[in-house]
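Working notes, beginning with the structure itself.
Computed from the coordinates by the stated procedures, all read-outs in this text should not be read as laboratory data. Model, not experiment: these values are computed from the prediction. Here the Cβ is made from the backbone with ideal geometry for all residues, glycine too, and neighbour counts use every protein chain on show.
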Amino acid sequence: TGGSGSGKSTLMRMGNGLIPHFHPGEFHGTVRVGNADTRDLPVRDLAAKVGFVFQHQEAQLFNATVERELAFGPRNQGLARAAIAARVQWAAERTGVVHLLARSTQHLSGGEAARVAIACVLTMRPPILMLDEPSAALDPVAVASLWDLLRELNGDGTSVVIAEHRVEPAWEHPGTVAVMRDGRLVFGGQLTDALRVPLETRDLALPTVTRLFVAAGLPERPT
């Protein structure tokens, strides 16, 4: 998390190799996914390790129907037809989009597009799922549903990395957080520990009750 322009999206796109393989620029340092240097693997190979959901989910949906969209990834992995069908069904059930399989990808709501985009990534069975501001265009009900899905996936063993402004749902099941500013990490650690580092977390949206306790000068930091 962090303010606009802090470098969240840039960092995320390093995780799946879009930087430096697709976006040009100067690249310093090393990014590793598992034991692999992202500069040594093409994006198509990294896609099997890191599933990526863009901020504007509808922009990455381009097949005629949801079913064809879900089949696109495993088809390009060269899987057999039966295996593709099994993965499509599994991912659709996992994300709750079975009823959308025959629907045109051009006729999805924001929440539906977000779930379909995640389902498309899941069909490739990546161990890591990265999402760039997935709730940006969603209403509160869709945001809550999306976070519930991400918690379920995480509970089943998928590593979930989210770049997000709207971190309020994270406080219900706090994990680790990285706060960025001007392209640098200014805090990294447990989300609950971030409550006590006000300078480094001024870009972190604290729960309302926490802000009230801070304003009152009280030592407690309830969430």
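Points worth noting:
- Amide H contacts under 5 Å for PHE52, placed H, 5+ residues apart: MET130
- Peptides ranked, highest mean first, by Cβ atoms within 10 Å: ranges 76-86, 14-24, 181-191: 14-24, 181-191, 76-86
- Over the range 6-52, relative contact order from alpha-carbon pairs under 8 Å, at least 6 apart, %: 41
- Taking a Cβ cut-off of under 15 Å around ARG75, the surrounding Lys, Arg, Asp and Glu residues balance to a net charge of +3, with basic ones at +1 and acidic ones at -1.
- Label-to-label distance for PHE213 and ARG181 is 2.2 nm, based on points extended 7 Å past Cα in the beta-carbon direction.
- Relative packing of peptides 171-180, 25-34 - highest average C-beta neighbours within 10 Å first: 171-180, 25-34
- Computed per residue of the chain from DSSP H runs no shorter than four, each worth -39500 (n - 2.57), the mean residue ellipticity at 222 nm is -10500 deg cm²/dmol.
- ASP139-TRP171 FRET efficiency (beta carbon distance; Förster radius 25 Å; 0.05 resolution): 0.85
- Positive-pole candidate from PRO140, ALA83, VAL160, dipole of the chain, charges at beta carbon: ALA83
- Option label - Kirkwood radius over Cα pairs in Å computed here, alternatives [x] 18.7; [y] 16.9; [z] 18.1: [x]
- Within the shell of other residues whose beta carbon sits under 13 angstrom from the beta carbon of PHE213, the net charge comes to +2, with Lys and Arg scored +1 and Asp and Glu -1.
- Net lengthening on full extension, ASN63/PHE27 (0.36 nm per residue, minus Cα-Cα): 9.6 nm
- Counted by Cβ distance under 12 Å from ALA144, the other residues give a net charge of -2, where Lys and Arg count +1 and Asp and Glu count -1.
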